[in-house]
Amino acid sequence: MPHRHFILFKPYGYLSQFKYELKRPKKLLGALYDFPPGTMAVGRLDEDSEGLLMLTTDGKLSDFICSSGIEKEYYLQVDGIITPQAINQLQNGVEIGFEGIRYQTLPCQARLIEEVPNFPPRAKKIRDERHGPTSWVSVTVNEGKFRQVRKMLSAVGFPVLRLVRVRIGNISLDSLQGATVKEVSNLT
């Protein structure tokens, strides 16, 4: 039987998995669409993150995409107006913590986003203008430690309020063409 591949916009509040065996109930990917048996997420987006997620029934392809250093681009809404100095720090790599060990991130691409991106409204309101200004930044990395991008922005003094993955390699959110879930012939 041929493998099947999907891309989707993972909404806020969902886990990037199909089974969850701890006591607290969670929203899982299977609630979004009737995926075939054996479907797995290619990489993860945490419960508080949104955006492009790839799914496949091909474990070898999933492993290849996760381990090959493919670029992943994120749009992040941050607390405050991000400075050119903070963007420069991100571009050069910053020190973050990972599993109790300090880690220097690789250099990455980072830039200020001038216009607020047109994403679907988030299920849970972030905050309003009474709490101060916010800004948007694009960060593109080709590595992926646990909550790395959030930790990078925090390390330069701009905590993340909203994180949306917009691209993995050559596949972007634009590939969905307005759909929530789309079956594709190839993920690479």
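The values are calculated or read from the model by the stated rules, or taken from the named source; none is laboratory data. Quick caveat: nothing in here was measured; it's all calculated off a predicted structure. Every residue, glycine among them, receives a Cβ derived from its backbone with ideal geometry; neighbour counts consider all protein chains shown. Side chains are part of the model used for accessible areas, which takes the heavy atoms of the whole protein and leaves out ligands, DNA and RNA. Shrake-Rupley method; radii C 1.70, N 1.55, O 1.52, S 1.80 Å.
Here is a check on your reading of the model: is L173 surrounded by 14 or more Cβ atoms within 10 Å (Cβ to Cβ) and closer than 29 Å to L29 by Cα?
yes
Taking only the stretch 1-22 into account, find how many residues are within 17 Å of the chain's Cα centre (by Cα) and either in a loop (DSSP other than H, G, I, E, B) or among the aromatic types (F, W, Y) (or both). Step through it out loud before you land on a result.
Within the stretch 1-22, the first condition is being within 17 Å of the chain's Cα centre (by Cα), and the residues that meet it are 6-17.
From what's left, either in a loop (DSSP other than H, G, I, E, B) or among the aromatic types (F, W, Y) (or both): 6, 9, 11-14, 16-17.
Residues meeting the conditions: 8.
This table checks each residue for (1) among the charged types (D, E, K, R); (2) within 13 Å of the chain's Cα centre (by Cα); (3) assigned to a helix (DSSP H, G or I).
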| site | (1), (2), (3) |
| --- | --- |
| P121 | no, no, no |
| R130 | yes, no, yes |
| V137 | no, no, no |
| T140 | no, yes, no |
| E143 | yes, yes, no |
| V149 | no, yes, yes |
| V166 | no, yes, no |
| D174 | yes, no, yes |
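So which of P25, P36 is part of a loop (DSSP other than H, G, I, E, B) and either open to solvent by less than 40 Å² (accessible area, probe 1.4 Å) or of a type in the set (A, V, I, L, M, F, W, C) (or both)? Step through it out loud before you land on a result.
Details: P25 fails: either open to solvent by less than 40 Å² (accessible area, probe 1.4 Å) or of a type in the set (A, V, I, L, M, F, W, C) (or both).
Testing whether each residue is part of a loop (DSSP other than H, G, I, E, B) and either open to solvent by less than 40 Å² (accessible area, probe 1.4 Å) or of a type in the set (A, V, I, L, M, F, W, C) (or both) leaves just P36.
State yes or no: is G69 in contact with an Asp or Glu (Cβ under 9 Å, 6 or more places away or on another chain) and small (G, A, S)? Break it down into steps so the answer makes sense when it comes.
Details: in contact with an Asp or Glu (Cβ under 9 Å, 6 or more places away or on another chain): yes; small (G, A, S): yes.
Yes.
Looking at L52, L8, L61, can you tell me which residue is out of contact with any strand residue (DSSP E or B) (no Cβ under 7 Å at 6 or more places or on another chain), aliphatic (A, V, I, L, M) and under 16 Å from L187 (Cβ atoms)?
Values: L52 fails: out of contact with any strand residue (DSSP E or B) (no Cβ under 7 Å at 6 or more places or on another chain); L8 fails: out of contact with any strand residue (DSSP E or B) (no Cβ under 7 Å at 6 or more places or on another chain).
On inspection, the qualifying residue turns out to be L61.
Could you tell me whether the stretch 43-55 includes any residue that is more than 27 Å from R127 (Cα to Cα), small (G, A, S), touching a residue at least 40 places away in the same chain (Cβ under 8 Å) and open to solvent by less than 70 Å² (accessible area, probe 1.4 Å)?
Within the stretch 43-55, the first condition is being more than 27 Å from R127 (Cα to Cα), and the residues that meet it are 43, 54-55.
Adding the requirement that they be small (G, A, S) leaves 43.
Adding the requirement that they be touching a residue at least 40 places away in the same chain (Cβ under 8 Å) leaves 43.
Narrowing further to those that are open to solvent by less than 70 Å² (accessible area, probe 1.4 Å): 43.
Scanning the stretch 43-55, I find at least one residue that is more than 27 Å from R127 (Cα to Cα), small (G, A, S), touching a residue at least 40 places away in the same chain (Cβ under 8 Å) and open to solvent by less than 70 Å² (accessible area, probe 1.4 Å), so the answer is yes.
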